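These notes concern the structure reproduced below.
None of the figures in this text is laboratory data; all of them are computed from the coordinates on show. Nothing here was measured: the structure is a model prediction, and the numbers come from that model. All Cβ positions, glycine included, derive from the backbone under ideal geometry; neighbour counts span all protein chains shown.
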Amino acid sequence: MRLATLTICTILLSINIYPQRNESPRREITVAAERVDVLKTDGFKIDFPSRPTRTVSTIDTAFGKTNMVNYQLATNLVYYGVTFIDFPTVISDKAEIDLRFDGVKAALLKNAESRLISETEIFFGDNPGREYVIEDKLTTATIRGLFIKQRFFQLTVVTKGKLSRATQRLRDFNHKTVEKFINSFSVTELPTPKTTAVELPKDFGIKIDGSLFTSDFFRFSVRLPENWNIVKEEQADLIKDLSVQDTEDSTEKLRKSLDLSLNNTEILLFMTKSNLETSAANNAVFAIAAEKVSFPNFLPLRIAENYLKTFLDNGEKILKTPSSIKLGGADFVWVETENVEKKFKQRLYVANRKGIAFQLLLNYRNDVELKIMLDCLQTIRFSEDKLEK
């Protein structure tokens, strides 16, 4: 029966931005109603065999605390469940939706005794969904997930016995039970999304005057490392392409996550200590980037946590877990990792600025290079007043 809670929790947690964490968050029942019919205010209809129990849980997500509503009914033969949560925005990016469903499948199969019988891509009208049939030693679960506007619904039917070893009579019962319940589902009225995702602007108002970098859009300024090289836009694009190529031998989850992240990211500045065209040195890098995220009220802490869980390859290790820091009066969260094989370390700083993930990236080989970039971070300002030239 824990499948219902596990799946919905997995689809919530995520980088940034995208749900990748496989563990379930702490579940606290805050409202426990008596056995009631589906409330009209919950915006859907479905035919339970008898009155279900409605509970409301508070869970932590990438965009803060939210409610998870769960209707469930357990009979002697079958468990029925409907669970839903509301995201702050409508999730329409197919690549992101696919990643979330990949997370659902991974969570469902985390138990060594669980086996995937089938996975089917479905649509509820124009709304995307997946249907999974999974069995363990004692039961068979059919789970249908649907993204409808900003709401994620999960419909669950768990029957006794393993489908792969069931008699035809049991198979017919399973099929009839599942179809009757799941196909009775309909949406009546959903609440209006609280907000919308913030699109990246066409012009960040970037200016570089000597060693002074400014962005009018972010009201941001910073002094750059002296005598370092600013990488041209076309070279920065090539580096992005190479980053994707470097993950070809990595997990499918990492490849998809990186591809989605890069497609939503604009590199505002990319500097290297050595000239890329004339030097073969393993370069130190100072970069500034802006990334569109699903939820403008995202928590930088969740992005940092998800970065460590999703974007590290096998040769990388964590040196610093997510920690808070103020830079130029703004709240950042930062992490540090090391690529032992390639002999460099990396720091990522992320802040929520105007609903966009504002990121600083520091790649370095030694303490001297790190100090140069940390000195630059101390000159950061977020205000109307720019630094003097």
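Observations, loosely collected:
- Förster radius 35 Å - calculated FRET efficiency between residue 233 and residue 66 (Cβ-Cβ, nearest 0.05): 0.35
- Inter-label distance, nm, simple model (7 Å from Cα along the C-beta direction), residue 47/residue 90: 3.1 nm
- Projected-area mean, segment 262-387, by convex hull of Cα positions, square nanometres: 8.6 nm²
- Segment 100-200: chymotrypsin sites (Phe, Trp or Tyr not before Pro) falling in loop per DSSP and having at most 16 other Cβ within 10 Å: 185
- Coordinate range of the alpha-carbon atoms in segment 186-232 per principal axis, descending: 63, 20, 17 Å.
- Based on every Cα atom in segment 36-183, Rg and the maximum pairwise Cα distance Dmax equal 15.6, 47 Å.
- Gain upon complete extension [residue 118, residue 136; 0.36 nm per residue less C-alpha separation]: 5.1 nm
- Cα gyration tensor shape for segment 153-214, rounded if a/c is under 1.5, else prolate or oblate: prolate
- Segment 55-88 and segment 179-230: distance between their alpha carbon centers, rounded to Å: 29 Å
- Once the Cβ-Cβ distance of residue 192 and residue 98 is raised to the sixth power relative to R0 = 22 Å, the FRET efficiency obtained is 0.30.
- Gain upon complete extension [residue 321, residue 208; 0.36 nm per residue less C-alpha separation]: 37.4 nm
- Set 273/343; 105/149; 202/292; 207/345; 149/180; 273/326 screened for pairs whose C-alpha atoms are more than 19 Å apart: 105/149; 207/345; 149/180; 273/326
- Loop-located GluC sites (Glu not before Pro) in segment 313-389 (DSSP state other than H, G, I, E, B) with a sparse environment of at most 11 neighbouring Cβ atoms within 10 Å: 341, 384, 388.
- Computed E for residue 184/residue 331 - FRET, C-beta separation, R0 35 angstrom, nearest 0.05: 0.15
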